[in-house]
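Take a look at the structure set out below.
The values are calculated or read from the model by the stated rules, or taken from the named source; none is laboratory data. The shown structure was predicted, so the numbers you read here are calculated from the model rather than taken from an experiment. Counting neighbours? That spans all protein chains shown, and the Cβs are built from the backbone with ideal geometry, glycine included.
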Amino acid sequence: MVKSPKLSIVIGSYHNKDLTINTIKSIYKYSIGVDFEIIVIDDASNDGIYEYIENNFPNIVLRRNYKNLSYSKTYNRGSKLARGKYILHLNADSVFTKKTNLLEVIKYMDENPSVGMLGNRVLSPNGKLDPDNRHQIPTLANAIGQSLGLYKIFPSIKSLNYYMTYLRNDEFAEVGGVGAFMLFRKEVLKDVGLLDTNFKIIN
């Protein structure tokens, strides 16, 4: 019987071959000691990503959508294939670095069973925190605060601050949503179901 990995990393790829390959290489380079599998869903690309992975990464679980299904359906397909206790939905342009510590992330989840989903700090190429990596649940107030830039003028007024910039960058906090790095317990799927396919997000 094949032992299941602790972590399943799901990546959806749509016309971004180079980004996807860089992400995969960074996972292998900076995830030493982590028991993981990688699942790549090619969302009907025509850039050769499917053939490249098939020929160069035989250990990756690879599937192809024969028409573009967009983000939710693509990542749902990956989640259904996942064998790990934890599933990580990772954007194809999210590159791991030497500061990426999946062992600490998994340890935190193991030690905090009440946490169903976890995001982490995501840095933009300029080294600054990507604001989309954490945010509140959208409301009319924070939508106005974001669109008019009021959250920058009044950062302490939480109702206006969609990006939650009042939090420290190294602070653990409950948030309304996370971005390019979304890790959750597989058992959560039994309680809340898969991603809502009514959201037509492009990979």
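Some observations on this one:
- Selection status of ILE60, in contact (Cβ under 8 Å) with a residue 12 or more places away in the chain and crowded, with 18+ Cβ neighbours inside 10 Å: no
- Count of the range 134-180 residues, restricted to those that are in a helix (DSSP H, G or I), hydroxyl-bearing (Ser, Thr, Tyr) and at pLDDT 90 or above, is 2.
- Count - residues of the range 54-69 that are farther than 18 Å from ALA44 by Cα and in contact with a strand residue (DSSP E or B) (Cβ under 9 Å, 6 or more places away or on another chain): 2
- For the condition over 22 Å from TYR108 (Cα atoms) and either under 13 Å from the mean Cα position of the chain (by Cα) or modelled with pLDDT of 95 or more (or both), GLY84 does not qualify.
- Subset of the range 109-118 (residues that are surrounded by 12 or more Cβ atoms within 10 Å (Cβ to Cβ) and modelled with pLDDT under 95): VAL115, GLY116, MET117, LEU118
Results for (1) over 28 Å from ALA44 (Cβ atoms); (2) under 15 Å from the mean Cα position of the chain (by Cα); (3) among the charged types (D, E, K, R), shown as yes or no for each residue.
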{"residue": "TYR71", "(1), (2), (3)": "no, yes, no"}
{"residue": "ASN76", "(1), (2), (3)": "no, yes, no"}
{"residue": "VAL95", "(1), (2), (3)": "no, yes, no"}
{"residue": "ASN101", "(1), (2), (3)": "yes, yes, no"}
{"residue": "LYS107", "(1), (2), (3)": "yes, no, yes"}
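- Selection within the range 124-151: residues that are without any contact (Cβ under 8 Å) to a residue 12 or more places away in the chain and at negative phi. The member of this set that is surrounded by the most Cβ atoms within 10 Å (Cβ to Cβ) is LEU150.
- Picking from residues in the range 6-36 that are among the small types (Gly, Ala, Ser) and out of contact with any Lys or Arg (no Cβ under 9 Å at 6 or more places or on another chain), the one that is surrounded by the fewest Cβ atoms within 10 Å (Cβ to Cβ) is GLY33.
- Residues (touching a residue at least 60 places away in the same chain (Cβ under 8 Å), among the basic types (Lys, Arg) and surrounded by fewer than 16 Cβ atoms within 10 Å (Cβ to Cβ)) located in the range 81-108: LYS98
- Filter result for ASN46 (of a type outside the set (Gly, Ala, Ser), touching a residue at least 24 places away in the same chain (Cβ under 8 Å), surrounded by fewer than 15 Cβ atoms within 10 Å (Cβ to Cβ) and more than 17 Å from LEU90 (Cα to Cα)): yes
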